Each structure stands twice: as C-alpha cells, then as structure tokens.
Amino acid sequence: MNYLRNIRATVLLLLVSTVIFMVYSCKEEEYVEQAGFTCTINGKSWWPLSDNIAVKPTTCRLMSDGHLEIKAFDSKTHSEVGISVANGGTQIKAGTYILNSNGNSAYYDKGKSGGNYVTAGGYEGSFTIASIDYQAKTVEATFNYRAFNAEKQEIVNITDGILSLEYTVE
C-alpha cells in the first residue's frame, strides 16, 4: 500500500514539475533578429526584428535604374529605418553618398510612438558602400544621418549604422 502511494506521489510531482516548466519556458512572442543590419538611434541600439519567421525584417533592392533601396523594420515597435541612394542614373558603385533628399535620402519612422523623420532641409548624413558584389548580390556599407520631423520639430540621430545584406534586382 505504501509502495503504491509513493508511486502516485512521484507521478504527481513529475506532472506538476512538467506543467510548471512548460508554463515558465513558454515565451509570449518569438522575434527573429536580422543579422547584418544595426544602428544606434538617439544613443540606443536598434536592429530589425520580425515576429514572423517567414518574413525577413530587412529588404535590400537594386532597382533597374541603378538606385539602391534598403528598409529595415522592427515588428515589435513598428519602427523602420530606410535609405535610398542613386548614382545619377548609372549603377551604384562603392563610395560615399550624401543623404540629403537630392536623389539620396534616408528616413526613420518611429512606428507606434509616432512620427516620420526625413533627411531634408539641412538634415543630412552619409551612406558609404564599402563593397557591392554584383555576382553574389551583396552589399556592405556604413551609414549615419540626422533626420527631422517638421510636425514635432524634433531631430533624430542615426549613428553607427552597419549593414551587410543580400539584395534582389528589380
């Protein structure tokens, strides 16, 4: 009789332990971090995240007219960093491009906390392509810029930007 009671107590203890383990090990949401893109926004580290493993949080496209478009999205905060650079109608090459809305621009969309910040009207920065491989379809670059929100009269500083991404041709 004591033997049966000990087995029941052991099984019950294992069952309770398993349930407790499962409850505490489950996460509310899973996010996938995008390796290959990071920057600092007003002194805080930022990187793209996706809550859907099937959706990449970055897109990098080399357009048929030669300009390069990059978008990085954080699905947790709904914020987005974007950069567009052109080379006067010819294909993008390694080098530094000034982000000032004259064909080359950048933005930061704050997402849930509101506000779109753009490089324009004296708020600018730089995007330096260290390498672009047309065979492997990869680009490596650094960037930084100051963007302005006219409605809120606020400035955002994007610094220490680094990217190493594959791109699609469109």
Next item on the list: Would you calculate the separation in nanometres between label points at GLN135 and SER113, each defined as 7 Å from the Cα along the Cα-to-beta-carbon direction?
Entry: 4.4 nm
Next item on the list: Grab the other residues whose beta carbon is less than 12 angstrom from that of GLY82, score K and R as +1, D and E as -1, and report the net.
Entry: -1
Notebook entry, point to check: By how many nm would the segment from THR90 to ILE155 grow when fully extended, if each residue of separation counts as 0.36 nm and the alpha-carbon distance is taken off?
Noted result: 20.2 nm
Check: Do you know the relative contact order of region 30-169, to the nearest whole percent, from alpha carbon pairs under 8 angstrom that are 6+ apart?
Finding: 22 percent
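What is the Rg over Rh value, at two decimals, for region 30-169, using alpha-carbon atoms and the Kirkwood definition of Rh? Write down the numbers at each step before the final one.
Details: Rg = 14.4 Å, Rh = 15.1 Å.
Reported Rg/Rh (Cα atoms, Kirkwood Rh): 0.95.
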Check: Spin-label point model (7 Å from Cα, Cβ direction): what's the TRP47 to THR142 distance in nm?
Finding: 1.9 nm
Checklist line | Across LYS56/LYS112; LYS44/LYS71; LYS44/LYS93; LYS71/LYS112, pairs whose alpha-carbon gap is larger than 24 Å | finding: LYS44/LYS93
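Every number here is computed from the coordinates shown, using simple stated rules; none is lab data. Computed from a predicted structure; not experimentally measured. Heads up, the Cβs are rebuilt from the backbone with ideal geometry, glycines too, and the neighbour counts pull from every protein chain shown.
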